[in-house]
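Every number here is computed from the coordinates shown, using simple stated rules; none is lab data. These numbers come from a predicted model, not from an experiment. Methodologically, a virtual Cβ is constructed for each residue, glycine included, from the backbone with ideal geometry; neighbour enumeration extends over all protein chains shown.
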Amino acid sequence: MLAIETHALTKDFNGLRAVDGLDLEVRQGEIFGFLGPNGAGKTTTIRMLMDIIKPDSGRIEILGQPLQPSTLDRIGYLPEERGLYRKIKTVDCLTYLAVLKGMERRTARERALALLERVDLAEFADKKVETLSRGMQQKAQFVATLVHDPELLILDEPFQGLDPLNTELLKEMVRELHGQGKTIIFSTHQMNQVEELCDRILLIDHGQTVLYGPLREIQARYAPHAVRFRGQALPTDLPGTQRLERQEEGFVAYLAEGVTPSLFLRQLVERGAEITHFEVVTPPLEEIFIEVVEKRRRR
């Protein structure tokens, strides 16, 4: 069973098409990266998945069934616009939100307290939300997303406003949730975080699919035919290269057509080179993102 499936999903606003025939499958138990430049249609798509707005056409299935109110209780949603009740105690706010999702009050409170402990906010449980710092409120909002133990989590910029230490804390929790079999949709502009956490990705632009599939396959598709290496006793004439670039830690060799990385390495060793590091160059997702979007917009 798929966690999310959409078919030909479309939404217009005053004649502007925000989402244009989007087909999407998110598998159960994966961390899925949902990416796109500003105005690409990400937030509109997420709001349709959450039944906040209705599509003009197309089909949505969540956790194996058509979208319906009862399905939403099985989802944890962290919106980009934060929204905790600021005038009540933090633990009371979290408990109330879990009860709204169908959890028994005592269980909800116990779970809220345990999660506040997990994110280093236990001492602020009885403090009003408005007294928490921005970073603390962000962690509390994250707890609100998972306090009712959802099967599916949709996280929109979950690390926004956090320092590096707390970012790592929430990443660790995301990995733990993944290990428990939860499905996680992760939307962010931080490409390094996507590379670190996600199994597959969808990149949309102007509401349409641009890149879709396993992250490693996409990176391999856009990889230059190049290797990065360090070593000693390197030959002065490197075989099978179009050009060589010296970097702070070694070299990048752009290989000639027909020369594989393994063949290039073998030739280096046969010429007496002592190789201490060797890897095929993989482009950062950010470079792919910029290249694909800019190319598309030049058309």
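For this structure, a couple of remarks:
- Stretching E123 away from E176 to a fully extended chain increases their span by 16.8 nm, per 0.36 nm per residue minus the current alpha-carbon distance.
- Segment E270..E104, full-extension length gain: 52.8 nm, with 0.36 nm per residue of separation and the alpha-carbon distance subtracted.
- Each part gets one Cα centre, and for segment 22-38 versus segment 107-130 those centres are 30 Å apart.
- Maximal additional length on extending the L16-H225 stretch stands at 71.2 nm, based on 0.36 nm per residue less the C-alpha distance.
- Between R82 and N192, the simple label model (points 7 Å from Cα in the Cβ direction) yields a spacing of 2.2 nm.
- Put a plus charge on the Cβ of each Lys and Arg, a minus charge on the Cβ of each Asp and Glu, and nothing anywhere else: the dipole of segment 11-115 about its Cα centre is then about 580 debye.
- Order by protection proxy (mean Cβ within 10 Å, highest first), peptides 269-279, 209-219: 209-219, 269-279
- The lysine pair count for the chain, using Cα distances under 22 Å and pairs eight or more places apart or on different chains, is 23.
- In this Cβ point-charge picture (+1 for Lys and Arg, -1 for Asp and Glu), the chain has a dipole of about 640 debye about its Cα centre.
- For D12, residues with placed amide H under 5 Å, excluding near neighbours: A18, D56
- Annotation for K295 and R246: the two label points, set 7 Å from Cα along the Cα-Cβ direction, are 3.2 nm apart.
- Gap separating the Cα centres of segment 132-172 and segment 212-243, nearest whole Å: 37
- Q65 versus E168: modelled label distance in nm, points set 7 Å from Cα along the beta carbon direction: 4.2
- Structure remark: mean-square fluctuation, Gaussian network model of the chain, C-alpha springs under 10 Å; the largest value among G36, G161, G258 belongs to G258.
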